[in-house]
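Please read the structure below before turning to the comments.
The values are calculated or read from the model by the stated rules, or taken from the named source; none is laboratory data. Every value quoted in this text rests on a predicted model; they were computed, and no experiment measured them. With ideal geometry, Cβ positions are generated from the backbone for all residues, glycine too; neighbour counts draw on all protein chains shown. These accessible areas exclude ligands, DNA and RNA; they are computed on the full protein's heavy atoms, side chains included. Shrake-Rupley method; radii C 1.70, N 1.55, O 1.52, S 1.80 Å.
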Amino acid sequence: MRGALFACLLMLSPAVASAAPRSPVVVELYTAQGCGSCTGAGAAMEALAARADVLPLTFNVDYWDYLGWTDTLARPEFVVRQKTYVSRFKLEDPYTPQAVVGGRGEAGALEAETLETLITKAAQAPAGPRITGSEDSASVASGAAPKGGAEVWMVRYDPRPRSVQVRRGDNRGQTVVAINAVRELRRLGSWRGRALTWKLPAASEPGLATVVIVQSPKGGRILSATKIPPSRK
């Protein structure tokens, strides 16, 4: 009896060893330095950043610049990404501060209870493909891909809080803090279940952290997200 049980454990152990580790839940904050209702969003993301099971990423957008302050962290591609979620969740328009949780749900970034519910649901989803990498490459292992495949994204963000003193517009005189401010967003390619590797470009700024995300197309659910370790040189 004991021998049979031991044999079963041996048969199960490779499957356990090869199982993908649980990814942190990615929470994307869409905000703007000139948005008067966004000043508390940084504190909300700071609380999430203290958790091991959540990876908050701050995407600054520029469509509030007309109010008088040009956002120093905004990128046009961040607006494009947020508009993808507008279509995905059938919203009328993009808004700030918005939080998108795991590509599965969205809410106002200051709605703490709703965000916690969305994070809990996203954390219960099946694990996606394993992601590994180094400073100059990233690999996605083989696995079950969603219908139509998935998209692989590289996100580089500043793990240090970024403080900006706003001098004009609705937030004039206030200091706005961004947590994990995204500085680069690049689509690496498509993943359809077969193991693939991509080269990663050199970082545009020193000190940036890198995360690779596997996501269903058109702003769909995030299947996996892994931080890529920096070089030890």
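Could you check, for the stretch 62-85, whether at least one of its residues is outside any helix (DSSP H, G or I) and in contact with a Pro (Cβ under 9 Å, 6 or more places away or on another chain)? Yes, some residue in the stretch 62-85 is outside any helix (DSSP H, G or I) and in contact with a Pro (Cβ under 9 Å, 6 or more places away or on another chain).
For the stretch 99-171, no strands (runs of 3 or more DSSP E) sit wholly inside it while including 3 or more residues that are open to solvent by 40 Å² or more (accessible area, probe 1.4 Å), of a type in the set (Ser, Thr, Tyr) and closer than 22 Å to residue 85 by Cα. Please enumerate the residues belonging to the stretch 195-233 that are among the basic types (Lys, Arg) and in a strand (DSSP E or B). 199, 227, listed by residue number.
Residues are listed down the side, and each one gets a yes or a no for (1) at pLDDT 95 or above; (2) closer than 12 Å to residue 212 by Cβ; (3) among the acidic types (Asp, Glu):
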| site | (1), (2), (3) |
| --- | --- |
| 129 | yes, yes, no |
| 133 | no, yes, no |
| 144 | no, no, no |
| 153 | yes, yes, no |
| 159 | yes, no, no |
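When you scan the stretch 194-212, do you find a residue that is surrounded by fewer than 19 Cβ atoms within 10 Å (Cβ to Cβ) and touching a helix residue (DSSP H, G or I) at 6+ places or on another chain (Cβ under 9 Å), even just one? No, every residue in the stretch 194-212 fails to be surrounded by fewer than 19 Cβ atoms within 10 Å (Cβ to Cβ) and touching a helix residue (DSSP H, G or I) at 6+ places or on another chain (Cβ under 9 Å). Within the stretch 32-75, the residues that satisfy the criterion of being aromatic (Phe, Trp, Tyr) and over 13 Å from residue 99 (Cβ atoms) are 63, 64, 66, 69. On the basis of being assigned to a strand (DSSP E or B), touching a Lys or Arg at 6+ places or on another chain (Cβ under 6 Å) and hydrophobic (A, V, I, L, M, F, W, C), does residue 177 make the cut? No: the conditions fail for residue 177.
Across the stretch 71-94, which residue is most open to solvent (accessible area, probe 1.4 Å) among those that are in contact with a Gly (Cβ under 8 Å, 6 or more places away or on another chain) and of a type in the set (Ser, Thr, Tyr)? That would be 87.
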